[in-house]
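Accompanying notes for the structure given below.
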Amino acid sequence: MSERRGVGLSVVLAMLAWGSSVLAYEGKAVEGGGTVTGAARFLGHAPAPKKLEITKDHAVCAKVPKYSEVLIVGPGKGLHNAVVFLDRVKSGKPLRAGRASIDNRECRYEPHVQAVAVGTEMLVKNSDAVLHNTHAKLPNSDVFNYGLPEKGQVIPKKLTRTGLIKVGCDAGHTWMSAYILVFDHPYFAVTDTYGRFTIGDVPPGKYNLIIWHEKLGKQVKPVTVTPGGKVELSVEWK
Amino acid sequence: MSAFRPDEQRSYRALFALLGVAFLASTLWSVWDEGWTRRPWKVWQARYAELRPGAPNGEGITQLVVPPLEVVDRCPTCHLGVDTPGLEGPEISRVLQTHPDPAVMLGKHPVARFGCTPCHRGQGLALTAGKAHGEDDPHWPEPLARGPYVQASCLGCHRDEERLAGAPVLETGRRVFREMGCEACHGVANAPPPVKRGPSLKHVAAKLDPGWLVSWIRAPKVRRATRQMPQFWPHAEDRPEREAQRDAESIDIAAYLLDKSAPFALADAVTSVDETLAEEGHRLFDRLGCRGCHVIGTPGGDELTIREERSSEAASDENLSILDDVLGSDGPAADAPPEPSEAVTPTRPPGPVNFGPPLGDVGARIQAKFFEAWVRDPAAYWKDATMPGLDLTTREARALAAYLTTLRAAEVPPPPDSLKPPYDRAVVERGRKLIAAYGCHGCHEIAGMEDEGRAGPDLSDYGDKDPHDFHFGAEPPPRRERTWERFTEAKIHRPRAFETKDIKLLMPEVVLAEPEALGLAVFLRGLRAKPPPEGYVRADPAARAVSAGERTFAERGCWSCHTFDKEQGRINRYYGDVYLGPPSLDGAGAKLQPQWLFAYLLDPGPMRPWLDVRMPRFRLTPDDADGLCEMFARREHRRVPMRPLAMRAITPARAKLGTPFFEQLKCVQCHMLNRQQGLQTAQLSADLGLSRVRLDPDWVRRFLVDPGKVLPGTKMPQFFPDGRTPNPTLLDGNAQAQIELLVETLFNLGLQPAARDDTTGKPLLVTP
């Protein structure tokens, strides 16, 4: 009886091992990894960012004027705050979940857009002397909703699910918004003010590169990475 | 000396011998007849013995005698496995299987006390399947109740207790019987008093367009989920003479209604519609909550999303979900509230849910000058109006009225030439007779018909009816097929199906979905003349109150706006931000103090004055409010009868700690406090000054620990995640102790204890 149970157990364990190898990301040394680099641009007419109307806690929130961060076009028509990533990579360089932060500072979120690996410990901070609540939602569920009444307060939260998290403040600061994209692989980047991005150590192969922007939606570009090669591409929105 | 002559003696001996042989033969025959092969129960007993070796198998005939129910049942002679656990599954013959759902069915109804036939029917004494099940015995009036019909029997004892867990079909029928207004024409003993299902027609001339009135009487449409005006000349278009009858009779009825219509004070005639006002009315219609019950019904007219007016240009919703396929969707909310302990059938009727009439054509069918008076106070026109009051200002009422007059999606035919005042006496008299015969007064308040009785036969013992007494029409089916079920189902589907040249039928036809029609038949089967003996009727006053509460909840259309029993309130789909819509009532029994809720239901003031959506005034009776409060409380397993919750006064020493902590958490950045809002934002939360009278402190404790878990979708943030606290020094940084201090502080925010004025039922809310 116990022998039979032992056999059953090992079968289950083997299936689990096989299943996880198929489903979860596998980190390993990458030989001959390539690089995907480039820039995202917004070629259309970008109106000057709208000044946000501060309706509450003026003493703290309206110290400096605030502008909409929904569409930021930098020098050379570079598209800032787009998230660039390879679609569903199953293995490659090790996934390192470290720490990241989202700070309520002068009644906006810093950073406005970020991308992190699953397992990351998100430090939710308040640098203002007002009550902020930081309400993070996946499309169908809450990730967290912390009340931060104290200046300097920090609450850590481990992000355990992949997805696109929208962050907002329900404590009357209706203009505040931020996005956190959580990936189960390390091949992602957020564009800088020039719209530039670089994703390195990519195992050679064919991929779909996805570029997401909160206002403009998404684009998908097929890319082929050769050993040690460098793929340069330009992503454009009109 | 023999008394007989020798020849007589010989013939008597021969007779005796003959009789002796006959007796012996009949004895042998009966022994053979009752032998192994001729006793089917022996076969089942043997098979049971194979399944359960060594178990007592009855050994012969088992008889259940239940004197109070006058029952002698031999069913367990064959059905040996009924209360043996573990005999389930297709490999075991149905004859020997364990009773389905034994915990409820046998646990609450032990076989020794209930027998079998009081629920299952059939012939309890018989020992062969055909006779016992009654189907092979032409003289047995009621065969075995097959399929859902067994649920009909529940009604005998569970008369006042609705939403029975094990009888969904019966409960559908009970609901349909009430919703479709069957009680308007058919009396049922011990039923709750029926409400008139249709609008009052006492002042109909002031309200309806006469052309529309006639066309509606001729052929009403199905427009609402829970009410239906039936067809009085069903399928008339199939027969020309019926069509002519319909056209003539509908005019006669309309003539009576218009002739008897009493005057009603209305606003000045509306000559032209002010477009700005109509636009304002449209916005009110969208935002006040009218859409909870009414649809406009024009294509695209019901697409609406109410969002908070945010000052930033937020990303569009599509951009938030376009990565679901690559990043994985998070599916439905992970922290769903706990399941209620007992399974209950849903409150909400299936299918499209229009609680009130659709309003796409309301401007065409209703006279323009009627609207303002109606929206301002529906009860002034009709004291039992289902439409609640909305506490509108004059400006709001005018704006809504202006908007409603613009809704003219349908053409209304002009009234027939014959329908012009003054109405012909003969026509009016014909109309009166028709109204009395068809029973229109059962559903509508009609002047002059106040003393008319019900138009249809009483159904108090309809379930007892012998099918051979039913009239199956001109071409009845063979005798064996004339069953109670067949007649009733046919009658429900096509009430006039059995009409003949000589027997005219008047019952109108309603449109029912198949499960609703079956439910209705099952419900009718449960209507029996003989009450169950004492001790069998569930006379649980609490259960009765809960049923009454649930009935009120359904009848008033509360589900149109409020999420309840995890069913999303109909109106909620219009609110992109859930907290802009009406609050969910799941868990209300745990959150709210019963006294406060009672008072609020009777006099709903603006709890959340910053919201556009408005809790209407339903003109509930104190009994209605009691039933609702008790239902909410019992769903959360609260003690019933309820008692006021007390929170002791805070000590000065504790207040010295609590008040600064309350300020530190900046609760009033979002919450109102003693009606002060002080904040210039559209996003506010409930008045914390009401905590003492309104909230249950236990609920507040749980809510503070994890708000999203207690009230999914709430904006209230978590201040104490995983035992952390924003103040690490207060009370040694113990989050639990800090929560306790906070609750104490909240419940002492300068308010007096809860009270309610018993005569007016008004809440005595103390203002600061």
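Output the relative contact order of chain B, whole-number percent, from Cα pairs under 8 angstrom with separation of 6+ residues. Walk me through the numbers before you get to the answer.
Details: 1104 pairs, mean separation 105.3, N = 768.
Once divided by the residue count of chain B, the mean separation gives 14 percent.
The Cα atoms of the stretch A:127-226 give a gyration tensor whose axes a ≥ b ≥ c have a/c of 1.5 or more with a/b greater than b/c, which makes the shape prolate. Express in whole angstrom the spacing between the alpha-carbon centres of the stretch B:372-392 and the stretch B:129-167. Comparing the Cα centres of the stretch B:372-392 and the stretch B:129-167, I get a distance of 45 Å. Could you pull out every one of the lysines with an alpha carbon less than 20 Å from that of A:LYS77, ignoring same-chain neighbours closer than 8 positions? Candidates past the 8-residue exclusion: A:LYS50, A:LYS215, A:LYS218, A:LYS221, A:LYS238. Rounded to the nearest 500, the 222 nm mean residue ellipticity of the protein assembly as shown from helices alone is -8500 deg cm²/dmol, with -39,500 (n - 2.57) taken per DSSP H run of at least 4 residues.
Here B:HIS120 sits with roughly 70 square angstrom of accessible surface, probe radius 1.4 Å. With a cut-off of 19 Å, note down the residues of the stretch A:136-170 whose backbone N falls inside the zone around a label point 7 Å from the Cα of A:ARG96 toward its beta carbon. A:159, by backbone N distance to the label point. Distance from the C-alpha centroid of the stretch B:196-227 to that of the stretch A:86-125: 62 Å, rounded to the whole angstrom. Ligands, DNA and RNA excluded, the heavy atoms of B:VAL546 present near 30 Å² of accessible surface to a 1.4 Å solvent probe.
Straight-line cross-link partners of A:LYS151 among the lysines, defined as a Cα under 24 Å from its Cα and at least 8 positions apart when in the same chain: A:LYS56, A:LYS63, A:LYS66, A:LYS125, A:LYS137, A:LYS166, B:LYS656, B:LYS666, B:LYS715.
Let a ≥ b ≥ c be the square roots of the eigenvalues of the Cα gyration tensor of chain B; is it rounded (a/c under 1.5), or, if not, prolate (a/b larger than b/c) or oblate? Note, shape of chain B comes out oblate.
Close amide H pairs (under 5 Å, H built 1.01 Å from N) link A:SER91 with A:GLU26, residues at least 5 positions away or on another chain.
Annotation: aspartates and glutamates with alpha-carbon distance below 19 angstrom to B:LYS383 (same-chain offsets under eight excluded): B:GLU372, B:ASP391, B:GLU445, B:GLU450, B:ASP451, B:GLU555, B:ASP603, B:ASP623, B:ASP624. Extension gain, B:GLU91-B:LEU125: 0.36 nm per intervening residue step, less the Cα-Cα distance, totals 9.4 nm.
Can you pull the accessible area of B:VAL273 for me, 1.4 Å probe, Å² to the nearest 10? Number for this one is 60 Å². Here's how it looks for A:GLY33: its modeled amide H is under 5 Å from those of A:GLY228, which are all 5 or more places away or on a different chain.
The values are calculated or read from the model by the stated rules, or taken from the named source; none is laboratory data. Just so you know, these numbers come straight off a predicted model, no measurement behind them. Here the Cβ is made from the backbone with ideal geometry for all residues, glycine too, and neighbour counts use every protein chain on show. What goes into the accessible areas is simple: the full protein's heavy atoms, side chains included, and nothing from ligands, DNA or RNA. Shrake-Rupley method; radii C 1.70, N 1.55, O 1.52, S 1.80 Å.
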